[in-house]
Amino acid sequence: MQLTLEFGGGLELLCDSVKVHNVHVDLQNGAEKLTMKDLLSWVHTNLIKERPEMFMKGDSVRPGVLVLVNDCDWELSGQLDTTLEEKDVVVFISTLHGG
Amino acid sequence: MEKEDSKSKKAGGRLCCICNQRRAALKRPKTLEQICRECFYEVFEEEIHQVIVENQLFKPGERIAIGASGGKDSTVLAYVLSELNRRHNYSLDLFLLSIDEGITGYRDDSLETVKRNEIQYGLPLKIVSYKDLYGWTMDEIVRVIGLKNNCTFCGVFRRQALDRGASLLKVDKIATGHNADDIAETVLLNILRGDIARLSRCTSITTGEDGPIPRCKPFKYTYEKEIVMYAYFKRLDYFSTECIYSPNAYRGFAREFIKDLERIRPRAILDIIKSGENFRISTSTKMPEQGNCERCGYISSQKSCKACVLLEGLNRGLPKLGIGRSRGHNNDGRKDGKQINGTSIESKQCGTLDF
Ligand SMILES: [Zn+2]
Ligand SMILES: [Zn+2]
Ligand SMILES: [Zn+2]
């Protein structure tokens, strides 16, 4: 599945200072859909190069990290249970850096 | 078009609960309402307008400096204040005021952002530097004192630098970008430290009315989440890199706690502020008396202000002077005041807009 991932608010520093990543994420064996939960663990493994604790806490994002799926707050689409589709755009923004 | 359809399907086809027409784009932490972008802009801006009006933050004709760090809060503040000033005829003269601490690779980059904001929002910009005011850049200070106490210097110097910049601009007031999350965090920190003097002050929307230049916080009730969402949707240009001189660990812990609480119950942030507001200080708690620094005239509860003490240490090659609960120095017998000063100053975080 082709996805566009965007990191902002300082989170880009955790992945080689690259803000926009066009990625291909495969479904897990036997899985029918890709959820945000799956994507987060994929990002953790494949994109985050340093200080993962700035991005994740438990199996979700760290509180204070905003997530938007196709420019819509993920709190409206079920957070970790949000189902992703081909060509979706997922944005992660940290609110924790500087004022 | 197909894209549009799949998008709305994902959000459960939820419509904005205000206009009932457009697709909801975010959940407001304050009210848990699901609202669209357009309605969000409107409630966000109008709530800030209401706070400004109800608390009489500004008077017509005033000159106002916006403490501008290039970060999200002050960038959104500059944008929203200039909008509201036009829309509601505040008749304010707005300025951007920035501090150049002299931190290579951090402040010089964020100042570039402020310089772009100057053009984007058409607001005159004034930059005052530590080097000009104190003869030292933060880089030079860190070279002398190391990384352990640098935030003491940063916090003390920045606070004064902002006042001095404001008097150069001849403004009537300074507006800072402190948001509801920041204030809740500060309430908590002051409780954890038993810093009663600051606890009672930190929730005030306007402070320093007895001093030379009052400061106000138009974002006192504005959630950080909404500020960042607003900046994102409006594509506002802000800078977001951590200060390279390590942030305060204790403050970081408090922030994390606030964010954890917010996830479980977003109202918690406003409730902590309310708790802070409703604390009553018993008359037996001695509050430090305010006077003026004998050397530079800056407001101070001691003979010399904290900046002058720190500066003297630097210039005499005794950089530890004035850090922490200094004893024997600056001793004029007002123990309570000194302790409050000595401990609270260390809390000032480096690199954020914590003026
Ligand atoms: Zn609406
Ligand atoms: Zn002084
Ligand atoms: Zn600092």
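Annotations for the structure displayed:
- Filter result (among the hydrophobic types (A, V, I, L, M, F, W, C) and free of Cβ contacts under 8 Å to residues at least 24 places away in the same chain) within the stretch A:36-76: A:Trp42, A:Met56, A:Cys72, A:Leu76
- Residue check for B:Arg143: surrounded by fewer than 18 Cβ atoms within 10 Å (Cβ to Cβ) and within 30 Å of A:Cys72 (Cβ to Cβ): no
- Given (1) within 23 Å of B:Ala25 (Cβ to Cβ); (2) touching a Lys or Arg at 6+ places or on another chain (Cβ under 9 Å), number of the condition A:Asp59 does not satisfy: (1)
- Where B:Ser69 falls short, out of the listed (1) in contact with a helix residue (DSSP H, G or I) (Cβ under 8 Å, 6 or more places away or on another chain); (2) under 21 Å from B:Lys220 (Cβ atoms); (3) more than 11 Å from chain A (Cβ to nearest Cβ); (4) in a loop (DSSP other than H, G, I, E, B): (3)
- The number of residues in the stretch B:115-154 being within 15 Å of ligand 2 (Cβ to nearest atom) and among the small types (Gly, Ala, Ser) comes to 1.
- Each residue in the stretch B:169-221 was checked for being in contact with a helix residue (DSSP H, G or I) (Cβ under 6 Å, 6 or more places away or on another chain), more than 14 Å from chain A (Cβ to nearest Cβ) and of a type in the set (Asp, Glu), and 1 pass.
- Just so you know, in the stretch B:1-28 the residues that are at pLDDT below 95, at the interface with another protein chain (Cβ under 10 Å from one of its Cβ atoms) and assigned to a loop (DSSP other than H, G, I, E, B) include one that is nearest to ligand 3 (Cβ to nearest atom), and it is B:Ala11.
- Hey, B:Pro266 modelled with pLDDT of 85 or more and either aromatic (Phe, Trp, Tyr) or away from ligand 3 (no atom under 16 Å from the Cβ) (or both) or not: yes
- Test: residue in the stretch B:116-139 that is among the β-branched types (Val, Ile, Thr) and crowded, with 23+ Cβ neighbours inside 10 Å: no
- Matching residues, the stretch A:48-68, being among the small types (Gly, Ala, Ser) and crowded, with 20+ Cβ neighbours inside 10 Å: A:Gly64
- Restricting the stretch A:69-93 to residues that are under 17 Å from A:Glu12 (Cα atoms) and more than 7 Å from chain B (Cβ to nearest Cβ), the residue that is surrounded by the fewest Cβ atoms within 10 Å (Cβ to Cβ) is A:Val89.
- All positions within the stretch B:95-116 that are over 17 Å from the mean Cα position of the chain (by Cα) and of a type in the set (D, E, K, R): B:Asp108, B:Asp109, B:Glu112, B:Lys115, B:Arg116
- Note on the stretch B:186-237: residues that are of a type in the set (Asp, Glu) and more than 23 Å from B:Arg164 (Cα to Cα) amount to 4.
- Scanning the stretch B:95-151 for residues that are within 14 Å of chain A (Cβ to nearest Cβ) and in a strand (DSSP E or B) yields B:Ser98, B:Ile99.
The values are calculated or read from the model by the stated rules, or taken from the named source; none is laboratory data. If you're wondering where the values come from, they're calculated on a predicted model, not measured in any experiment. Note that each Cβ is placed from the backbone with ideal geometry, even for glycine, and that neighbours are counted across all protein chains shown.
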